[in-house]
Amino acid sequence: MDLPRHHSYDADIYLGFDWLYHYNPPVNWRKLSLSIPDKEFLNRLCSLPALLEGIPECYAEYAEVFSQESFDRFPPKRPWDHAIKFVDDAPKSIAAKIYPLSPEKMKACREFLDENLATGRIEEGQSPITSSFFFIKKFDGSPRPVMDYRAINKFTIPDHYPLPLIDQLILSLSSAMVFTKLDIRWGFNNIRIKPEDRFRAAFLTPFGCYIPLVMFLAFVTLRPRSNGL
């Protein structure tokens, strides 16, 4: 059941059990009242996507990060958009080699390119600086695409950042009894690369040269960016 949006606070509304179960708004059983803090909160609840099967109800507020529809939208511009800055004496051109791919990996490469072209995360183009593209195996045996950015990392100005203290991280979990492992769709590929730096992240495939508009793994500045988020 979908709750219609009203433009006044004095309107009578009827909430179905399915809606109450899904969105779980705060209820005061002693006063027999249901509290919705403000209209913005109500509208946000109404706009949440349906919770996918297998996801606990307690994560209903974060249903968006599990949905394919939300993932397929190109990420908005944010203050933490990624920059790739080179040292002053970096070469103007870096050439990459094209790795041969088996028929299975050629198919996986085509699927990867088509998916990311459709969502706007990469685009076809040309660049004087390119990196190689190949696949490695995941734990389940499926191919994982890799951009080999080791050559450009040699000339990238690194960000200085503090390493997490493992002892402190373990200490923060000392009283925990229950742990949850989640596989969400959102990740580094929902962080934009600044437009002026995208050409430095270009990669070569058997199908041509492609420019990423969002982050993929293997950047030397990836760790400070993740720590900052």
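The values are calculated or read from the model by the stated rules, or taken from the named source; none is laboratory data. Quick caveat: nothing in here was measured; it's all calculated off a predicted structure. Neighbour counts run over all protein chains shown; Cβ positions are idealised from the backbone, glycine included. Only protein heavy atoms, including side chains, enter the accessible area calculation; ligands, DNA and RNA are left aside. Shrake-Rupley method; radii C 1.70, N 1.55, O 1.52, S 1.80 Å.
Odds and ends about this structure:
- For the range 127-141, the candidate set comprises residues that are of a type in the set (Phe, Trp, Tyr) and free of Cβ contacts under 8 Å to residues at least 40 places away in the same chain; within that set, the residue that is farthest from ALA90 (Cα to Cα) is PHE139.
- For the range 160-175, filtered to residues that are within 30 Å of LYS85 (Cβ to Cβ) and assigned to a loop (DSSP other than H, G, I, E, B), the residue that is least open to solvent (accessible area, probe 1.4 Å) is PRO164.
- Residue under evaluation GLY54, criteria (1) assigned to a loop (DSSP other than H, G, I, E, B); (2) modelled with pLDDT of 70 or more; (3) surrounded by 10 or more Cβ atoms within 10 Å (Cβ to Cβ), criterion not met: (3)
- Number of positions in the range 201-229 that are modelled with pLDDT of 60 or more and either of a type in the set (S, T, N, Q) or in contact with a helix residue (DSSP H, G or I) (Cβ under 7 Å, 6 or more places away or on another chain) (or both): 11
- ILE94 in contact with a Phe, Trp or Tyr (Cβ under 6 Å, 6 or more places away or on another chain) and open to solvent by less than 50 Å² (accessible area, probe 1.4 Å): no
- Inside the range 98-115, residues that are assigned to a helix (DSSP H, G or I) and either in contact (Cβ under 8 Å) with a residue 12 or more places away in the chain or open to solvent by 80 Å² or more (accessible area, probe 1.4 Å) (or both) make up a count of 12.
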